[in-house]
Amino acid sequence: MSTNGLPLRSLLKGVDDPIFATLRSVFGFREFRPNQERVVRAILDKRDVFAVMPTGGGKSLCYQLPALMLQGTCMVISPLIALMKDQVDGARSNGIRAAFLNSSLSSDDRDEVMQKLLSNSLDLLYVAPERFILDHFRQMLSRVQISMAVIDEAHCISEWGHDFRPDYLSLSDLVTMFPGVPVAAFTATATHRVQQDILDKLALRDPLIVRASFDRPNLFYEVCFKENSDAQLVSLLKSQPGKAGIIYRTSRKSVNDTAAMLKAKGFRAVPYHAGLSDLDRKRNQEAFIRDEVDVIVATIAFGMGIDKSNIRFVIHADLPKSIENYYQETGRAGRDGEAAHCTLLFAQGDIPKVRFFIDSMLDDAERARSLAALSKVISFASTSVCRRRTLLEYFGESYPHENCCSCDICLGTREVVDCTREAQMLLSAIVRTEERFGATHIVDIVIGSSNKRIRDFRHDQLRTWGVGKDRDKKYWRQLVDELLAQKVIGKSEGLYPTLFLLPKAASILKNEESLQIVQLLEKKKIEKVRGELLAPYDHDLFELLRTLRKKIADEQGIPPYVVFSDRSLRDMAALLPRSAEAMLSVSGVGEVKLERYGHQFLRLIDRFCSDHPDRESL
Ligand code: ADP
Ligand code: ZN
């Protein structure tokens, strides 16, 4: 049987399935994200699970939903004490009975949580691994009905991972401790080697193994040539006013300088790095999480344990250390599934600084690893291959589409230009001066400068002198960088580095090989493409909804994104719901949130619609 060509079953999907009913009524979602349903069903079938899902993949729902449907308390072991409160606030905002136990609680609060646990009135209990080791805690657990055990950040159990925690080894007896209770382990980072290690250490019983794609479809990736980073940062921030974002910089000094520069220009920006006092760091992080400042300028010390779901952009104003770092750092954007922008400002000129730092490393193996990682970053930034494809291939995943439609390369905001002839001009200037000069002088020859040095060496007599005078110095300098990046030429070490040819140069000079470079198109075009990426919604209403969200969050002492996600606000600003029922169709609005906040938001939308009778739902 079918209706309008759709199988009836798909129309009825979830109507009488308790899993879908809970997904809707508690979480306010109509659909699962990829893999969530499989994991939920496996847990409900009392099967162990091991799942690798990227940040923002929706891991919490994978255990929170079955926790509601199973008898007893779901115990979540998580190493990030700083995050537990946010996770509990998030669960509670959907009406889930959740609590946490860790060293930050007063003894009174701890007793209260224990009491709730013993009286079977908790759906979810978050605990730190160090508590799990304690004998008296284990004894208490034996008096409680545990529905399932969850290990968050499971890679911490592996010495091969980047975040090994010895405490986590104690989790290996979870399986024997609770026979018959499903154990689900989650992580966002696991190479195949780490995966096997986790499975061995935890001794999971015939687990369902899920490896989700690492693709983050809502992230837009772009690389811009870094020219004047201050001006570029200002213009990037101006293109997304009031949006929350992170700017990563390498050094503490550049973090301070950039934050001060942005502040002076009127942006709400704060710095974050390990050199600040604990108090300042905490205060700045808190201000960012609570939407009190828009931009946090940070070293890579910032980010671990940040659950803020409405980060709309991440800018790397300096080179990231590795592709893995880049993926993790950009991954902090757009956890809510809404569009977010990742920009890397890339200058060939930054490479020597990083190389200098790497060269000073004492450990040979570490130096070699860092160099290899750097060269992958450089090739990511300078190739004309889809950024997404490059990132995914790094993680051993092959991207199935020709065009990702969400990176600068695929959107054609860049074009590939053949510069073989221009490259030949530079190369022949290098050859004719016997590889004894640096980039500045070579460029001076090509543009036909007649400065003193040129005259002294009689280089104005060379046949290549002035062959490139119809282009400016900047163009030729960039082309030199490009030739260096593409390993057509090399640069000697030392105080006065000179340029020399590499084997590829000979093929280019003989016209056996061409030189392609990826070029930035007009800025206007890029902005147009950006605008098209956003689905339509009423921006004025969105801002009002955001203000209301902030007010409620402050009153309740929770982060704004816990009240409603950006996605929920955007849905409201597009659908203009006027009734409780319509409100429930907004993504992320479940029954508890409707009851708690629905009327305030409905009232605001009502008022907005009567003030603006011309606005219609989009
Ligand atoms: P992770 O822990 O995997 O990084 P989270 O569990 O924090 O991800 O979820 C990220 C965001 O995605 C949250 O804002 C959450 O509400 C949202 N989310 C989770 N599942 C769904 C779904 N099925 N539909 C829409 N949004 C979802
Ligand atoms: Zn792409």
Per-pair calculated FRET efficiency, R0 = 30 Å: Val385 and Arg458 via Cβ, rounded to 0.05: 0.10
Charge dipole (debye, nearest 20) of the chain; +1 at Cβ of Lys and Arg, -1 at Cβ of Asp and Glu: 1200
Flagged links, alpha-carbon separation over 32 Å, of Lys46/Lys376; Lys376/Lys469; Lys321/Lys551; Lys265/Lys308; Lys265/Lys452: Lys46/Lys376; Lys376/Lys469; Lys321/Lys551; Lys265/Lys452
Estimated distance in nm for a label pair at Ser360 and Gln115, the labels positioned 7 Å out from Cα along Cα-to-Cβ: 5.7
Using a Förster distance of 35 Å, the FRET efficiency for Gln71-Lys550 (Cβ separation, nearest 0.05): 0.35
Distance histogram for the range 158-240 (every C-alpha pair counted, 10 angstrom bins, percent rounded to whole numbers): 13, 32, 19, 15, 14, 6, 0
Separation of the Asp470 and Glu37 label points, Cα + 7 Å toward Cβ, nm: 6.1
Per principal axis, descending, Cα span of the chain in whole Å: 93, 63, 59
Extension reserve of the Arg193-Arg421 stretch, reckoned as 0.36 nm per residue once the Cα distance is removed: 77.4 nm
Solvent exposure, largest accessible area first (probe 1.4 Å, DNA, RNA and ligands not counted), of Glu393, Glu512: Glu512, Glu393
Unit charges at the beta carbon, dipole of the chain: most positive-side option, Gly590, Cys74, Leu502: Leu502
Long-range amide H partners of Phe225 with built H, under 5 Å: Phe346
At 1.002 mPa s and 20 °C, Stokes diffusion of the range 355-492 via Kirkwood alpha-carbon radius, µm² per second: 121
Surface per residue (accessible, 1.4 Å probe) for the chain, Å²: 47
Accessible-area composition of the range 543-591, carbon plus sulfur, in percent [1.4 Å probe]: 51
Extension gain, Met177 back to Leu105 (0.36 nm per residue minus Cα-Cα distance, nm): 23.3 nm
Length gained when the stretch Ser450-Val431 is fully extended (0.36 nm per residue, less Cα-Cα span): 4.9 nm
Carbon/sulfur fraction of accessible area - the range 2-211, other protein chains in place, 1.4 Å, %: 51
Sequence of Glu435, Glu482 when ordered by accessible area, the most exposed leading, probe 1.4 angstrom: Glu435, Glu482
Computed accessible area, Cys342, all protein chains, 1.4 angstrom probe, square angstrom: 0
Calculated SAXS-style log₁₀ I(q)/I(0) at q = 0.18 Å⁻¹ - the range 2-211, Debye, Cα scatterers: -1.34
Pairs from Lys85/Lys243; Lys85/Lys116; Lys487/Lys510; Lys253/Lys353; Lys243/Lys593 whose Cα-Cα separation, in the structure shown, is over 19 Å: Lys85/Lys243; Lys243/Lys593
MRE, 222 nm, helices only [DSSP H, n ≥ 4, -39500 (n - 2.57), over the chain, to nearest 500]: -12500 deg cm²/dmol
Label-reachable residues, the range 267-290, where backbone N falls under 14 Å from a point 7 Å from Lys238's Cα toward its Cβ: 267
For Ala185, distant residues with modelled amide H under 5 Å away: Val49, Phe50, Ala51, Ile151
Calculated FRET value between Asp540 and Ala21, using beta carbons and R₀ = 30 Å, to 0.05: 0.25
Inter-label distance for His401 and Met140, nm, one decimal - labels placed 7 Å from Cα along Cα-to-Cβ: 4.9
Filtered trypsin sites (Lys or Arg not before Pro), the range 473-515: DSSP coil and at most 13 other beta carbons within 10 Å: Lys487, Lys510
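The values are calculated or read from the model by the stated rules, or taken from the named source; none is laboratory data. Just so it is clear, the model here is predicted, and its values are computed rather than measured. Cβ sites come from the backbone with ideal geometry, for glycine too, and all protein chains shown count toward neighbours. Quick note on the areas: whole protein, heavy atoms, side chains included, nothing else; ligands and nucleic acids left out. Shrake-Rupley method; radii C 1.70, N 1.55, O 1.52, S 1.80 Å.
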